[in-house]
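The values are calculated or read from the model by the stated rules, or taken from the named source; none is laboratory data. Owing to the predicted nature of the structure, the values given are computational and were not obtained by experimental measurement. Neighbour counts are summed over all protein chains in view; Cβ atoms, including those assigned to glycine, are modelled from backbone coordinates with ideal geometry. Accessible surface areas use protein heavy atoms only, side chains included; no ligands, DNA or RNA. Shrake-Rupley method; radii C 1.70, N 1.55, O 1.52, S 1.80 Å.
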Amino acid sequence: GLLARLDALMAHGVTTVEVKSGYGLSTDEELRHLALIAEADRRHPVRIVATFLGAHAVPDEFRGRQAAYVDHVVHDMLPAVAAAFPRAFCDVFCDEGAFTLAETARILGAAAGLGLRGKVHSDEFANLGATTLAAEMGCTSADHLVAAEPSDMDAMARAGTVAVLLPGTTVGLGSRRFADARAMIARGVPVALGSDHNPGTCPSENLPLMMALAARYCGLLPAEAVVAATRNAAHAVGA
């Protein structure tokens, strides 16, 4: 369960963790997951920051009707989340096979209007423009960024949007294409590291392993990897 995973993260030195919803994909289930996250935060010494990721995928009942699901996220889910969990972040997965740039802008705009801070999953597989959008909309962070371009990095640097790199996911996908942390740092982007612990692409709670992968494949110096996993990661969750 979640508490056991938090124990494993803490054993690897983690003291603060972002936990995303996004596996319920209905208003009731997303609220239930966020409530469980809040309860775990009360019970466990690791500090938890909650993120609503209702725009993670399109559930089966909306298959072929993605626009209707976006309407559901905007009109039903987000107001309910903002009322019950006003300190949560709102994240959107914008990529090929996920949500479009226009849908992402609409969801993040609605979230901001309700007082929720923004994040994006962007440029994991293809560059749809979500990283620059996130920076222009004042999002706190953007995750993945494997396909980020120099113009995206410049936009993040101007806005102070944190680049959260997740090299364990690249390994879990069997890919050899890693985010270019060296280029990001050269352009003034604050770079953070995360485990992206999830059942689909990175079933690991080992943050030191992610630091080692980032040093080997993303171009971080060891000292930069430490900063990325600590101070910059704190900025990425608004801490």
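Extension gain for Arg176 to Asp28 (0.36 nm times residue separation, less C-alpha to C-alpha distance): 49.4 nm. Using a probe of 1.4 angstrom and keeping all protein chains present, the accessible surface of the stretch 1-47 works out to 56 square angstrom per residue.
Restriction of the trypsin sites (Lys or Arg not before Pro) in the stretch 118-218 to DSSP coil positions whose beta-carbon has at most 12 other beta-carbons within 10 angstrom yields Arg176, Arg177. Classify the stretch 1-94 as rounded, prolate or oblate from the Cα gyration tensor: take a ≥ b ≥ c as the square roots of its eigenvalues, call it rounded if a/c is under 1.5, otherwise prolate when a/b beats b/c and oblate if not. Since a/c reaches 1.5 and a/b is larger than b/c, the shape of the stretch 1-94 is classed as prolate.
Which residue, Tyr217, Ile37, Pro203, has the largest displacement toward the positive end of the dipole of the chain when charges sit on each Cβ (Lys, Arg +1; Asp, Glu -1)? Projecting each Cα onto the dipole axis, the largest value belongs to Tyr217. Secondary structure note: in the stretch 82-239, about 5% of the DSSP beta bridges are antiparallel.
For the stretch 123-207, which whole-number percentage of the solvent-accessible area (1.4 Å probe, protein heavy atoms only) is attributable to carbon and sulfur atoms? About 50 percent, which is the carbon plus sulfur part of the accessible surface.
Taking every C-alpha pair closer than 8 Å and separated by at least 6 residues, the mean separation divided by the residue count of the stretch 131-239 gives a relative contact order of 27 percent. Using only side-chain charges placed at the Cβ, +1 for Lys and Arg and -1 for Asp and Glu, the dipole size of the chain relative to its Cα centre rounds to 620 debye. Long hydrophobic helices in the chain, taken as whole DSSP H segments with a C-alpha length of 15 Å or more on their own axis and mean Kyte-Doolittle hydropathy at least -0.5: 101-113. Note: the chain, Cα convex hull, 110 Å³ per residue.
Accessible surface computed residue by residue for the stretch 52-148, with neighbouring protein chains in place and a 1.4 Å probe, gives 37 Å² per residue. For Gly54, the residues 5 or more places off, or on other chains, whose built amide H falls under 5 Å of its own are Asp91.
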